[in-house]
Amino acid sequence: MLVVLKGSAQEVGQEAARIVAGAVRANPSIVLGLATGSTPLGMYEELVVLHRAGKLDFSKATSFNLDEYLGLAPNDPQSFHYFMHSNFFSHVNFAPKNIHIPDGAIRKDFSAHCESYELAIKNAGGIDLQVLGIGRNGHIGFNEPNSSLASRTRLKELTQETIEDNRRFFPPGADIPECAITMGIGTILDARRIVILATGKSKAAAVAKAIEGPISSSVSASALQLHPDVIFIIDDDASYALAQRDYYRRVLELTKKYTPEKLS
Ligand code: F6R
């Protein structure tokens, strides 16, 4: 796992966009795994800027989103469908048929839907680059604590902590969804490459457990330690609980020196 320390949330977004843009240019038919939430917003903004400047083409790319709230139709302003279209897809040139997001409007056949999502990822050739955020409880996707590290796409009940964290995206007094359809930890670990972003003090404890703690189903993101190609991009605030912060800085300098094409 490479830990990339950045001075600000804005720089985290820029670095993530640089990695995603580089991957899309290297492989225009790339399969991207995408996340919602506030953390990747800066990355999406940067990617839109690059696209508008004629420097990035998504016409051959395919995407699979990590998750969607159960009970929210795609046109619901709080749905992840809506989030992705308003913050990203409507500003770039993905072919609509290449965009995949779990369907939160389904009322039955949940397992069949989850299995077909897994199959669609497989048929697309698997995810080349997965972008992740991290919850305060260490979740990735909506794999809440004690999710199986081998889990696949399925329905997951959200913890009270996650429901409260998500309240900020909903109008006052609105019912917050208690369930989501999410890729599993096993699905995420199948991606060839993973970039995970974290910003702000509220994420510091989860970041430290994910990077330095034991691999445990009580912190889903710790499973990323098992993956051979993970870049964890964090700002100063999110890094403060890392015991080995200075060590990660030194490794980063060395990495830049010896693989400048990967991290400029
Ligand atoms: C979003 C997702 C979640 C978020 C996490 C952090 O698709 O899967 O795991 O990445 O809850 O959310 P923010 O970035 O809003 O703090």
| Across region 102-115, what is the total count of residues that are more than 17 Å from Gly186 (Cβ to Cβ) and either among the small types (Gly, Ala, Ser) or within 10 Å of the ligand (Cβ to nearest atom) (or both)? | 3
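Let's see how each residue does on (1) within 16 Å of the ligand (Cβ to nearest atom); (2) touching a Pro at 6+ places or on another chain (Cβ under 7 Å); (3) over 30 Å from Cys179 (Cα atoms):
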position: Met1; (1), (2), (3): no, no, yes
position: Val4; (1), (2), (3): no, no, yes
position: Gln10; (1), (2), (3): yes, no, yes
position: Ala21; (1), (2), (3): no, no, yes
position: Pro40; (1), (2), (3): yes, no, no
position: Met43; (1), (2), (3): yes, no, no
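Select, from Leu132, Leu119, Leu149, the only residue that is in contact with a helix residue (DSSP H, G or I) (Cβ under 6 Å, 6 or more places away or on another chain), aliphatic (A, V, I, L, M) and under 22 Å from Arg192 (Cα atoms). Reasoning before the result, please.
Values: Leu132 fails: in contact with a helix residue (DSSP H, G or I) (Cβ under 6 Å, 6 or more places away or on another chain); Leu119 fails: in contact with a helix residue (DSSP H, G or I) (Cβ under 6 Å, 6 or more places away or on another chain).
Step by step, each of Leu132, Leu119, Leu149 is checked, and only Leu149 is in contact with a helix residue (DSSP H, G or I) (Cβ under 6 Å, 6 or more places away or on another chain), aliphatic (A, V, I, L, M) and under 22 Å from Arg192 (Cα atoms).
Pick out the one residue from Ser90, Ser111 that is open to solvent by 40 Å² or more (accessible area, probe 1.4 Å), within 25 Å of Gly54 (Cα to Cα) and not in a loop (DSSP other than H, G, I, E, B).
Details: Ser111 fails: within 25 Å of Gly54 (Cα to Cα).
Just a single option satisfies the conditions, and that option is Ser90.
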| query | Looking at (1) assigned to a helix (DSSP H, G or I); (2) more than 25 Å from Arg18 (Cα to Cα); (3) under 16 Å from the mean Cα position of the chain (by Cα), which is the only condition Tyr44 fails? | reply | (2)
| remark: Scanning region 10-45 for residues that are surrounded by fewer than 21 Cβ atoms within 10 Å (Cβ to Cβ) and either in contact with a Ser or Thr (Cβ under 6 Å, 6 or more places away or on another chain) or within 19 Å of Gly141 (Cα to Cα) (or both) gives Gly37, Ser38, Leu41
| What number of residues within region 182-195 are more than 11 Å from the ligand (Cβ to nearest atom), aliphatic (A, V, I, L, M) and touching a residue at least 60 places away in the same chain (Cβ under 8 Å)? | 3
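Yes/no per residue for (1) under 28 Å from Glu46 (Cβ atoms); (2) within 15 Å of the ligand (Cβ to nearest atom); (3) surrounded by fewer than 17 Cβ atoms within 10 Å (Cβ to Cβ); (4) at pLDDT below 95:
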| residue | (1), (2), (3), (4) |
| --- | --- |
| Asn123 | no, no, yes, no |
| Gln130 | yes, yes, no, no |
| Glu144 | no, yes, no, no |
| Ser148 | no, no, yes, no |
| Glu164 | no, yes, yes, yes |
| Phe170 | yes, yes, yes, yes |
| Ala174 | no, no, yes, yes |
| Ala180 | yes, yes, no, no |
| Leu197 | yes, yes, no, no |
| field | Count of region 201-212 residues which are open to solvent by less than 20 Å² (accessible area, probe 1.4 Å) and not β-branched (Val, Ile, Thr) | value | 4
| task | Collect the residues in region 23-38 that are assigned to a loop (DSSP other than H, G, I, E, B) and within 15 Å of the ligand (Cβ to nearest atom), keeping them in residue-number order. | result | Ala35, Thr36, Gly37, Ser38
| task | Output the residues belonging to region 46-70 that are crowded, with 17+ Cβ neighbours inside 10 Å and away from the ligand (no atom under 11 Å from the Cβ). | result | Glu46, Leu47, Val48, Leu50, His51, Leu56, Phe58, Ala61, Thr62, Ser63, Phe64, Leu70
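Every residue, every condition in (1) out of contact with any helix residue (DSSP H, G or I) (no Cβ under 9 Å at 6 or more places or on another chain); (2) polar (S, T, N, Q), yes or no:
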residue: Thr187; (1), (2): no, yes
residue: Arg192; (1), (2): yes, no
residue: Thr199; (1), (2): no, yes
residue: Ala206; (1), (2): no, no
residue: Ser216; (1), (2): no, yes
residue: Leu226; (1), (2): no, no
residue: Ile233; (1), (2): no, no
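The values are calculated or read from the model by the stated rules, or taken from the named source; none is laboratory data. From a predicted model like this one, the values you see are computed outputs, not experimental measurements. Cβ sites come from the backbone with ideal geometry, for glycine too, and all protein chains shown count toward neighbours. When the accessible area is computed, the model is the full protein with side chains, heavy atoms only, and any ligands, DNA or RNA have been set aside. Shrake-Rupley method; radii C 1.70, N 1.55, O 1.52, S 1.80 Å.
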